[in-house]
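Have a look at the structure below, then the notes.
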Amino acid sequence: MAPILTLAACSGGGAAATTPTAVSTEHDVPSGVQLKGVLLAGKDLPADYSEEPTGAQNSGASLSDAAATVNLGSANCNTILNTIGHTGFGEASYASDAFTPASALGEFDETVLEFHRNDATTFTNQFGAALNRCSSFQASDATGASESASLKMAPGPRIGDESIGFTVDVVLGGQTMVMNGAAVRVGTAVAVVTNSELQGSSDNEINLSALAATLVQRLRDLH
């Protein structure tokens with residue numbers, strides 16, 4: 001797989017499947033099985049994109065009441081980069097998927113996190129604050145190698161109840177990998193979408209805002 005995975009929000013089909021350590025008795029939000037049904041599919045992406053081999057991941061039919069394992073208030077920038085689009089934020093359920101173009105020089109990732117009570121708003125606020133701390137930092141890949149990285153906040157797409165936009169640049173072997181992303185809250189859900197590509201690449205046809213809008217509308221319909 002191409003080195004773009006240093007930037008990819010979800011490697012191998014999205015967030016790793018997990019078994020909740022605590023099962024919630026609150027059946028107030030959609031389950032992972034239900035969220036899987038609203039995810040973007042191959043037909044929604046450009047024709048040359050295909051789903052990662054492991055396929056979509058989700059948390060199943062049960063809702064979790066487990067505490068967060070990622071503390072966005074104290075996590076360093078490298079941890080924040082490597083948890084974009086992953087789980088571990090105290091979510092009740094999740095679903096995710098990932099797609100790559102034929103060139104293998106990019107990756108589109110989508111994750112939907114459902115939260116109990118007002119936790120979606122709390123997550124969005126903490127996530128935005130965490131990103132805002134990381135204008136420049138050293139990012140590490142799976143081999144332990146360190147690369148220079150920078151992160152810029154941007155206005156999120158004008159959809160959902162609130163949104164955050166961001167761009168991450170990481171220098172890899174003299175080339176710059178760019179991740180454009182957005183987190184959009186829809187009630188108790190937060191959709192995180194990212195598109196990673198080589199800077200200057202001309203074969204990436206992803207329209208992140210349009211794809212996010214489609215996913216957000218499906219979440220609206222589900223709720």
Output the residues belonging to the range 167-204 that are among the charged types (D, E, K, R), farther than 18 Å from Ala98 by Cβ and surrounded by 22 or more Cβ atoms within 10 Å (Cβ to Cβ). Arg185
Restricting attention to the range 169-223, and to residues there that are of a type in the set (Asp, Glu) and in a strand (DSSP E or B), which single residue is modelled with the highest pLDDT? Asp169
Please give the number of the condition Ala102 fails out of (1) closer than 16 Å to Met179 by Cβ; (2) surrounded by fewer than 17 Cβ atoms within 10 Å (Cβ to Cβ); (3) touching an Asp or Glu at 6+ places or on another chain (Cβ under 8 Å). (1)
Mind checking which residues of the range 108-120 are closer than 15 Å to His223 by Cβ and within 16 Å of the chain's Cα centre (by Cα)? Val112, Leu113, Glu114, Phe115, Ala120
Would you please name the residue that is nearest to the chain's Cα centre (by Cα), looking only at residues in the range 122-174 that are closer than 19 Å to Asn71 by Cα and aromatic (Phe, Trp, Tyr)? Phe127
Kindly provide the set of residues from the range 153-166 that are surrounded by 14 or more Cβ atoms within 10 Å (Cβ to Cβ) and of a type outside the set (A, V, I, L, M, F, W, C), ordered by number. Gly156, Pro157, Gly160, Asp161, Glu162, Ser163, Gly165
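The values are calculated or read from the model by the stated rules, or taken from the named source; none is laboratory data. Since the model is a prediction, treat every value here as computed from it, not as a measurement. Cβ atoms come from the backbone with ideal geometry, glycine included; neighbour counts cover every protein chain shown.
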